[in-house]
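Below is one structure, written out as structure tokens; the observations come after it.
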Amino acid sequence: MKVAAFPEIAPAAGPPEAEGRDRSDVALLVSTRSDDALEVGRFTDLRRALRPGDLLVVNTSATLAAALPGRLDGAEVRVHLSTPLGGDRWVVELRTAELGPMPHGEADVALPDGGRVRLVAPYRDSDRLAEARLHLPSGTLAYLDRHGAPIRYPAAGGPWPLSAYQTVFARQAGSAEMPSAGRPFTTELVTDLATAGVLVAPLVLHAGVSSLERGEAPYPERYAVPGPTADAVNAVRDWEGRVIAIGTTVVRALETVADRRGTVRAGAGWTDLVITPERGLRATDGLLTGWHEPESSHLLMLEAAAGRELLERSYATAAAHGFAGHEFGDAHLILP
């Protein structure tokens, strides 16, 4: 995939709430594929872009306090827990105390209160992610609640509390990093959309750590699409409504359980699906997302939704209007 045509969108330095604003107070670009239209507005204008009978599919995964302080060979480090592999085995990422990437081989990292992490092998030949064995004295969730913090990156400022990394839809703890497309929604906005006849259905995809540095393809992630959500997607498609995924995580889960005709079935497990323009979208008509780095594999999915030319124009417009990217940034709604 070419990347040169996509400008860099600078990350937001923090959540809107840090400046006394509402979390929905971010910019929104609406890109419509049918007529190549671009419209710049605010996220609270979302209702005007949607129709009665549209279905928003949202991710109810909640964000873990997945970053742990550790010591390796006398130096302070950060251990980012990504994905459980069963038993005491996890996929983890090791970073410096300054949050920079940290190459490593086999290693033993000491954690607070007698916890430890042993990095035993690269995960899927990655030089960034490792398979590790964890010893956390009080159990994973209790230990993270006591000693963990949200995974963050230097450009996003902070540290911010875990609540800043939760969406209004969050229910089941399991994501290493926030499914951030849903972050600008508020209870009031969801209620307003429901009053206007917009439907909402849940699924779960527990997101692992992002791959900002190397443009790596996404790794396997756990998902669950419940029966009522599958039924809702199929019903909306039958009456020619629009199924709009709130985030790339939702697209990945929905497309995993969709057949070639776009019919969705309930399902749960692990997905390693990578969506490209050649594969296309089958069950998803539209997508609400953020602004991704030029080397991000997510741009392949966005190109499948928008088409190459419209996506390039969207990024150029966002850059020209000073849009912000990353988890606290502005939003992009791609409509068919």
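Observations, loosely collected:
- Residue check for L287: closer than 25 Å to P202 by Cβ and either among the hydroxyl-bearing types (S, T, Y) or not in a loop (DSSP other than H, G, I, E, B) (or both): yes
- Checking each residue in the range 291-321 for being outside any helix (DSSP H, G or I) and among the acidic types (D, E) picks out E293, E295.
- Number of the condition not met by A253 [criteria: (1) crowded, with 22+ Cβ neighbours inside 10 Å; (2) assigned to a strand (DSSP E or B)]: (2)
- T186 more than 15 Å from H326 (Cα to Cα) and free of Cβ contacts under 8 Å to residues at least 40 places away in the same chain: no
- Output for the range 1-45, where each listed residue is of a type in the set (A, V, I, L, M), within 13 Å of E312 (Cβ to Cβ) and touching a Pro at 6+ places or on another chain (Cβ under 6 Å): V3
Every number here is computed from the coordinates shown, using simple stated rules; none is lab data. Note that the structure is a prediction, hence the values are computed from the model and not measured. Methodologically, a virtual Cβ is constructed for each residue, glycine included, from the backbone with ideal geometry; neighbour enumeration extends over all protein chains shown.
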